[in-house]
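Just so it is clear, none of the values below were taken in a lab; they were calculated from the coordinates. Owing to the predicted nature of the structure, the values given are computational and were not obtained by experimental measurement. Positions of Cβ are generated from backbone atoms using ideal geometry, with glycine treated the same way; all protein chains shown enter the neighbour counts.
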Amino acid sequence: MPSLLCRNSKILLFKITVVSFRGFIARETVEKMREDELIFLGMKRIGEDPKDPNSTKFKYEQNRDRRKDLQDKYEKDLEKAKEDLKDQIKKHEQNDIKETLLEERRQWIRDYIERFEKNQLPKSYKEFYKWKDVAKPLTPEEEEALRKEEEDKKKEAKKKKDAKKAGGGKKKKTETPVRKCPSCLIVS
C-alpha cells in the first residue's frame with residue numbers, strides 16, 4: 001500500500017507540474033496576442049530605438065537638450081542684466097542714496113540731542129539701527145484709555161472669582177455623551 005501512495009503522489013505531482021507549465025505557456029501566448037492586437041489597432045506603439053533620428057524618443061531628447069541650452073543662456077543673460085543694473089544704479093543713483101542715508105543719520109543725531117538735552121554725540125553708532133524700533137510715547141488720551149481697559153479686566157477677573165466662590169466650590173459630574181460612528185453606528 002505505501003508504494004501505491006507514493007506512486008500516486010508522484011503522478012499527482014507530475015500532473016500539477018504539467019498543468020502549471022501549460023498555464024504559463026498559455027498566458028504568455030495570450031499576452032503576445034493581446035500586444036499584437038493593440039499594435040494593430042494603434043493603441044500601443046512599437047518599441048522605438050532612442051538612437052534612431054526618426055523616433056519620437058530621439059526627437060524628445062533633442063528638444064529637451066535644446067530647451068536646457070536655452071535655459072542656461074537665459075540664466076546667464078539674467079545674471080549679466082543684474083550686474084548691468086547694479087552698475088547703472090551705482091553710476092546714476094549713488095549720490096542720491098548716499099545723501100538720503102546721511103540725512104537719516106543726521107536726523108537721528110538731532111533727535112538724540114533733543115531727547116536727552118545733551119550737547120554730546122551718541123556713544124555708539126549701533127544705536128542708530130535701534131532708533132526706529134522704539135515705540136513713540138502715548139498721548140494722555142491713549143494712556144487714559146489703556147488704564148481704563150486694564151481696570152475693566154481686573155473687575156471682570158474679580159467677578160469671575162467671586163462667582164466661583166459663591167458656587168460652593170463643588171463641581172457637578174456631567175455625563176459624557178454617547179457618540180455613534182455615522183458609517184457603522186458603533187457606540188464608542
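Estimated from the Cβ-Cβ distance and a Förster radius of 30 angstrom, the FRET efficiency linking Glu93 and Lys123 is about 0.40. Each Lys or Arg adds one and each Asp or Glu takes one away; over the other residues whose Cβ falls under 14 Å from the Cβ of Ile25, this sums to +1.
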